[in-house]
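All remarks here apply to the structure that follows.
The numbers here are math on the coordinates, done by the rules we state, and not lab data. As the structure is a computational prediction, the values presented were derived from the model and not from experiment. Please note: Cβ atoms are built from the backbone with ideal geometry, for glycine as well, and neighbour counts cover all protein chains shown.
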Amino acid sequence: MYKVVTPKSDTEFEAYFHFRWAHLRQPWNFPPGSEKDEYEQVAEHRTIVNGKGDIIACGRVHLNTAEEAQIRHIAVHPDHLRKGLGQMIMDALENVAKELGAIRAVTNSREVSIDFFSACGFVVEREAPNELGMLRRQQMVKKLTENNTLVLHPKWCKSLQQTWTDTIPITEHMGIKLYQYTGRTLETRASLNKNINVHGTMFAGSIFSLATLTGWGMIYLQLKERGLTGDIVLGDGDIHYHKPITMKPRAICNIETLSGKFKPLEKGEKARFALNVDILDGDNAVAEFEGVFWVLPEQTEA
């Protein structure tokens with residue numbers, strides 16, 4: 001049984017770096033320590049361990065820019081090749097890159113690894129600087145796509161995302177994306193990296209914006225469900241912060257919290273709706289938002 005693990009303790013990191021050196025540096029006669037660089041502290045590290053807890057694969061990802069992630073140091077133990085572990089560690093690192101807000105991934109591949117990265121969806125873009133002054137490499141690029149758990153009515157969800165992009169351009173810069181819609185629950189996510197303050201946590205204003213857009217989005221999709229249209233505006237919003245967000249910003253709105261009637265819109269009148277949005281950092285609740293929205297009937301020309 002294999003599982004992806006994030007090294008945390010000093011002992012785990014020591015074993016992780018030793019594995020990296022043994023499989024990526026020692027074969028070229030480079031000394032211990034040569035496997036590390038200046039990005040270790042700002043990178044995300046992952047290993048794959050077997051049932052005994054032994055490391056059998058590893059990899060690392062860090063951001064070059066807010067939208068570009070670089071994947072490095074992919075290694076699989078020779079005794080465990082051709083078992084899909086390379087793809088497994090790549091999937092884990094790409095998911096981390098998406099959570100950080102990256103829209104593309106790059107890697108500098110040695111000639112012997114080009115086929116592997118090509119199989120993972122990367123394409124050669126240009127020649128990269130030699131590694132350690134001697135190993136020739138090619139820079140390869142892959143566009144990252146969302147891997148939503150479940151999206152009901154994908155056309156409506158795509159329309160909602162596009163509406164945010166077209167009418168509220170800041171959502172694109174904040175990395176706010178519709179992650180899941182089941183008909184009863186709407187979940188959105190944002191990039192922490194694009195909304196981080198000097199304390200390494202998410203701006204309070206960004207949290208408020210994420211909550212507001214999630215509530216706005218729930219009403220938008222409920223209008224679609226009923227074949228109605230209208231201009232959605234925020235009437236009042238109140239948020240209670242309990243803990244800072246330091247990892248994975250998420251916002252969840254459940255249909256059970258939505259109150260209001262759609263009948264007035266059918267008569268060409270404005271309608272009032274209230275709802276709640278839960279803000280989480282990963283699986284930890286950190287804030288609650290209570291919002292009042294008005295839906296104004298679209299004006300028709302006389």
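Electrostatic bookkeeping for residue 275 treats Lys and Arg as +1 and Asp and Glu as -1; over the other residues with beta carbon under 13 Å from its beta carbon, the sum is -4. For the pair residue 136 and residue 1, a Förster radius of 41 Å applied to the C-beta separation gives a FRET efficiency near 0.65, rounded to the nearest 0.05.
Spacing of the modelled spin labels on residue 228 and residue 170, each 7 Å from Cα toward Cβ, amounts to 2.7 nm. Ranked from largest, the principal axis spans of the Cα set of region 159-234 equal 45, 23, 19 Å. Computing P(r) over Cα pairs in 20 Å bins from 0, in percent directly from the structure and comparing it against (1) 32, 59, 8; (2) 27, 43, 23, 7, 0; (3) 29, 47, 21, 3, 0 singles out (3). The alpha carbon gyration tensor of region 78-117 gives principal lengths a ≥ b ≥ c with a/c of 1.5 or higher and a/b no greater than b/c, which makes the shape oblate. When you restrict to C-alpha pairs under 8 Å that are six or more residues apart and normalise by the size of the chain, the relative contact order lands at 11 percent. If you take the Cα centroid of region 156-176 and the Cα centroid of region 72-115, the two points sit 30 Å apart.
Axis angle, to the nearest 10 degrees, between helix 204-225 and the longest C-alpha principal axis of the chain: 60 degrees.
Beyond 20 Å in Cα-Cα separation lie the following of the pairs 177/248; 155/224; 8/142; 158/224; 224/248: 8/142; 224/248.
A Förster radius of 30 Å, combined with the Cβ-Cβ distance separating residue 66 from residue 40, puts the computed FRET efficiency at roughly 0.90. Think of it as helices only: each DSSP H run of n ≥ 4 in the chain is worth -39500 (n - 2.57), and spread over all residues that comes to -8000 deg cm²/dmol at 222 nm.
Is the C-alpha gyration tensor of region 154-296 telling us rounded, prolate or oblate? Criteria: a/c under 1.5 is rounded; beyond that, a/b larger than b/c is prolate, otherwise oblate. Verdict is prolate for region 154-296.
Looking at region 38-114, the trypsin sites (Lys or Arg not before Pro) that sit in a DSSP loop and have at most 12 other Cβ atoms within 10 Å of their own Cβ are 52, 82.
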